[in-house]
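To start, the structure under review is shown below, and the notes come after it.
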Amino acid sequence: MTEQELDILHAYSRQTLSESERAELESKLNTDPHWQKLWSDFQLLSKGIEASGDAQIRELIQAAGADFQLQQQQKKRRLWRNLGIAAGLGLLLLIAILWLQQQRQKFQNLERSQHQNPQALLNQQLDDLETRGFGNRGEQASPALLKGLQAIEQQNLSLAIQQLAQVKTKSQQPIAQFFLGLAYAQSGDRSKAIQYWQNMPKDSPEALKKAARYEVSWLYAQHIWTRQRAKAIWAEIARDPRDPHQKDMQKLLEQLR
Amino acid sequence: MQKESDIIVGLKNGERFAFDWVYRHCFAKATSYLRQHRGSAQDAEDFFQEALFVLVKKLRDPEFELTASCSTFLYTVVRNLWLYHQRKAGRVISTQEDQFLYLAESAGMAYWQLGEEKAEQAEQIEQVKSAFSGLSSECHQFLLLNYFEYKDDAEIADTMNYSLEFVKVKRFRCLKKLKEILGL
């Protein structure tokens, strides 16, 4: 194939030959074996080159496809891993919640069965104050103390707090403070109740101090974070032979073990 | 954010970012029909590759104008190829689908068939491809511009920094070399 022959075939393939040139070539292609061979070779070469170009495109597509599939697989793996982590965390959380609920239930049951209601103490105090006077000594109870205790009995807790806070008589302050703690505990103000019960005056009667310690321990028992403190107080009570709750606490600690 | 017009240019020029973009943005939509009609994940991958190849070939045709979005075009081609494949495999296609296929084929979309016609010359073409890989990179580029991208001589001269006259000389030399390797 000469350069000139190639130019003619190239122009023919691009349909850029004039009408007469095209007719002349087509006549040769029909009759002349030399031109038939040239055209056949030219077509084969053109198709081969085109196929090479196609192969380059296919390589590009396959490479992009392989990367895409890899990314999809990685995405799926990440999704499954995250789902696994989430499921694991969810399970742990569920176990923790169930455990906390179980613990809460256990301590609520304990409180229901073991916590001696301070109502008895309140009734006794009221009875004493109303019949025999303060401290069985005939000392007249301050009206605020009396009203405060009566208000607790009637569950008018705000009035009780207001009245008990007004008790100024030094000898009557420990009992006022104990029942202030009770009024706050019953009104749901746990921290105030603890504050009053933990800071009983030094000269408070021993029985009142022990009662305050006992009540504080049950407030601590209500929450998981302070439950260890409750147990520590119960252990103290269990070791104290003069504490009226010693035996009860010994039993309770035994149950907890 | 890539514009679709940039992607079209990228696909025409064989730029990798464009192919990655098409996979990311069109694969799921384009293969949705196939996946809803008994196609496997491997089928989706194979038919999408074929459809993307059709798109690139079409884009390189100067007379072709893409009027739909890439994903719509690819969806149509994947669907047509899949229906054609199903019909060849003797699976039942509903009348509505058959009509759709007929319309699509009339519109010149059935590249699959063209591929089969080419298969007769496949061996010879493979030999040319192999010989082609033995040419210099300059001849590669030159012949691909001529017989793959169908650029005219003026465009080739501009792209390769040749004179118009030298384009003809170069074409002759490169083809002659190719023929020599093939023993034609």
Subject >> Percentage relative contact order, chain A, counting C-alpha pairs under 8 Å, at least six apart >> reply: 9 percent
**OP:** Once you've got the GNM for chain A with C-alpha springs shorter than 10 Å, pick whichever of A:Leu164, A:Leu182, A:Leu93 has the biggest mean-square fluctuation.
**Re:** A:Leu93
Original post:
After finding the eigenvalues of the alpha carbon gyration tensor for the range A:116-256, what semi-axes result from the square roots of 5 times each, listed largest first in whole Å?
Top reply: 27, 17, 12
Subject >> Listed pairs B:Lys88/B:Lys129; A:Lys37/B:Lys88; B:Lys58/B:Lys151; B:Lys58/B:Lys170 exceeding 25 Å between Cα atoms >> reply: B:Lys88/B:Lys129; A:Lys37/B:Lys88; B:Lys58/B:Lys170
Subject >> Environment charge of A:Trp35, counting only residues whose C-beta is closer than 9 Å and scoring Lys/Arg +1, Asp/Glu -1 >> reply: 0
Original post:
Against the longest alpha carbon principal axis of chain A, how many degrees, from 0 to 90 and to the nearest 10, is the axis of helix A:3-13 turned?
Top reply: 60 degrees
Subject >> Cα-Cα pairs of the range A:3-81 separated by more than 16 Å (percent) >> reply: 66 percent
Subject >> Cα-based helix-to-principal-axis angle, A:206-221 vs chain A, degrees rounded to 10 >> reply: 20 degrees
Original post:
Once you wrap a convex hull around the alpha carbon atoms of the protein assembly as shown, what is its projected area averaged over all directions, in nm²?
Top reply: 42.0 nm²
**OP:** Could you state the orientation-averaged shadow area of the convex hull built on the Cα atoms of chain A, in nm² to one decimal?
**Re:** 31.6 nm²
Original post:
Taking every residue in A:37-48, how many Cβ atoms of other protein chains lie within 10 Å of its Cβ, on average?
Top reply: 5
Original post:
Most exposed first by the Cβ proxy, i.e. fewest other Cβ within 10 Å, how do B:Thr76, A:Thr31, A:Thr226 rank?
Top reply: A:Thr31, A:Thr226, B:Thr76
**OP:** Output the lone cysteines of the protein assembly as shown: those with no second cysteine's C-beta under 4.7 Å from their C-beta.
**Re:** B:Cys26, B:Cys70
Original post:
On average, how many beta carbons from a partner chain sit within 10 Å of the beta carbon of a residue in A:65-75?
Top reply: 3
**OP:** Mind jotting down the distance between the C-alpha centroids of the range A:207-253 and the range A:89-109, whole Å?
**Re:** 24 Å
Subject >> Per-residue average of Cβ from other chains inside 10 Å of A:172-183 >> reply: 0
**OP:** Evaluate E = 1/(1 + (r/R0)^6) for A:His223 and A:Lys75, where r is the Cβ-Cβ distance and R0 equals 45 Å; express this FRET efficiency to the nearest 0.05.
**Re:** 0.55
Subject >> Folded to 0 to 90 degrees: helix A:19-31 orientation relative to chain A principal axis, Cα >> reply: 80 degrees
Subject >> D_trans [Stokes-Einstein, Kirkwood Rh over alpha-carbon pairs] for the range A:62-186, 4 °C, 1.567 mPa s, µm² s⁻¹ >> reply: 66 µm²/s
Subject >> Set of lysines near A:Lys76 by C-alpha distance (under 21 Å), chain-local residues within fewer than 8 positions excluded >> reply: B:Lys29
Original post:
Here are some pairs, B:Lys3/B:Lys177; B:Lys3/B:Lys176; A:Lys147/A:Lys192; which of them have Cα atoms lying more than 32 Å apart in this structure?
Top reply: B:Lys3/B:Lys177; B:Lys3/B:Lys176
**OP:** Evaluate 2.2 N^0.38 Å with N set to the residue count of the range B:6-67, then give the Cα radius of gyration divided by it.
**Re:** 1.18
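Every number in this text was worked out from the coordinates using simple rules, so none of it is lab data. Being a predicted model, the structure only gives us computed values, none of them experimental. Cβ sites come from the backbone with ideal geometry, for glycine too, and all protein chains shown count toward neighbours.
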